[in-house]
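Engineer: First, the structure itself, so that you have it in front of you.
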Amino acid sequence: MALEPLVGILMGSDSDWEVMREAGRVLKKMGIAFEMTVTSAHRTPERTHRYAATCRQRGIRVLIVGAGAAAHLAGVVASQTTLPIIGVPLSSTDLKGLDALLATVQMPGGIPVATMAIGKAGATNAALFAAQILALGDPALAERLADHRRTMATQVEDKNQALQQLVAALD
Ligand code: RP5
């Protein structure tokens, strides 16, 4: 039987999938059950409100919300729940995500959205941040996150060694 999802990943359109799947990849790697849903602040406002207002009672603990353009989705979701909301601004217009970054990050006082970087780095970090929140009550998950950091450090050391070989071979 599949585990009940602890994290909800929302995106404003199926065109956001290419970037938002990075969040799903990280959660899967960390062993965290999640669900992914397309819902729009502007095109399906009632569906968005319903999801946000009922996800806590279904067991969701953290929400990751990606949207591009006039990206109100994370803020609208945050208005309907006190679960932690992690916003991911996406580049989907000629403004290359700056529009979405400002719309997501500039929340009025009282309704917080923890806003990540634009694009894939933001989706990746949103999932790691969600994992860090959940790890507060899950020592095994905290250890998997520490492992992930150790793996990254080893990769940097390997890259540095490869660089030293290139430096030594300079003509
Ligand atoms: C936003 O508008 C979505 O999050 C997406 O990034 C952008 C464009 O959506 P589509 O026109 O591709 O459906 O609401």
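The values are calculated or read from the model by the stated rules, or taken from the named source; none is laboratory data. Only a predicted model underlies this, so the values are computations on that prediction, with no experimental measurement involved. Ideal geometry is used to build each Cβ from the backbone, glycine not excepted, and the neighbour counts take in all protein chains shown. Keep in mind that these areas ignore ligands, DNA and RNA; they rest on the heavy atoms of the full protein, side chains included. Shrake-Rupley method; radii C 1.70, N 1.55, O 1.52, S 1.80 Å.
Engineer: In nm, to one decimal, how far is the residue 95 label point from the residue 14 one, both placed 7 Å along Cα→Cβ?
Structural biologist: Result: 2.7 nm between the two label points.
Engineer: Next question, about the same structure. Leaving ligands, DNA and RNA out of it, work out the accessible area of residue 120 with a 1.4 Å probe and give it in Å² to the nearest 10.
Structural biologist: The accessible area comes out at roughly 100 Å².
Engineer: Next question. List, in order, the whole-Hz ³J(HN,Hα) value for each residue of region 113-126 obtained from phi through the Karplus relation with A = 6.51, B = -1.76, C = 1.60 and θ = phi - 60°; use x for Gly and Pro.
Structural biologist: Calculated HN-Hα couplings, in order: 10, 7, 9, 8, 5, 5, x, 4, 4, x, 5, 4, 5, 4 Hz.
Engineer: Name the trypsin sites (Lys or Arg not before Pro) in region 134-170 that are in a loop by DSSP and that have at most 15 other C-beta atoms within 10 Å, would you? Please list the in-between numbers first.
Structural biologist: Working: sites: 144, 149, 150, 159; in loops: none.
Nothing satisfies the criteria.
Engineer: For region 17-154, rounded, prolate or oblate, judged on the Cα gyration tensor with a ≥ b ≥ c (square roots of eigenvalues), a/c < 1.5 rounded, else prolate if a/b > b/c? Numbers along the way, then the final one.
Structural biologist: Details: a/c = 1.92, a/b = 1.34, b/c = 1.43.
Since a/c reaches 1.5 but b/c is at least a/b, the shape of region 17-154 is classed as oblate.
Engineer: Compute the distance in nm between two label points, each set 7 Å from the Cα along the Cα-to-Cβ direction, one at residue 57 and one at residue 167.
Structural biologist: 6.1 nm
Engineer: For the Cα atoms of the chain, what angle does the longest principal axis make with the long axis of helix 139-168, in degrees from 0 to 90, nearest 10?
Structural biologist: On a 0 to 90 degree scale, this one is about 40.
Engineer: Starting at the first residue of region 63-70, write each ³J(HN,Hα) from the Karplus equation 6.51 cos²θ - 1.76 cosθ + 1.60 with θ = phi - 60°, in whole Hz, x for Gly and Pro.
Structural biologist: Whole-Hz 3J(HN,Hα) from phi for region 63-70: 10, 10, 10, x, 7, x, 6, 6.
Engineer: Additional query: Over the chain, with every protein chain in place, what whole percent of the accessible area is carbon and sulfur at 1.4 Å, could you tell me?
Structural biologist: Numbers: 5690 of 9840 Å².
It is 58 percent, rounded to a whole number.
Engineer: Karplus couplings for region 27-33 from phi (6.51 cos²θ - 1.76 cosθ + 1.60, θ = phi - 60°), rounded to Hz, Gly and Pro as x?
Structural biologist: 4, 4, 4, 7, x, 9, 6
Engineer: Would you mind getting the accessible area per residue of the chain, heavy atoms of the protein chains only, 1.4 Å probe, in Å²?
Structural biologist: Result: 58 Å² per residue.
Engineer: Under 8 Å for C-alpha pairs, at least 6 residues apart: give me the relative contact order for region 7-137, rounded to a whole percent. Let's see the in-between values first.
Structural biologist: Details: 263 pairs, mean separation 35.0, N = 131.
Computed over region 7-137, the figure is 27 percent.
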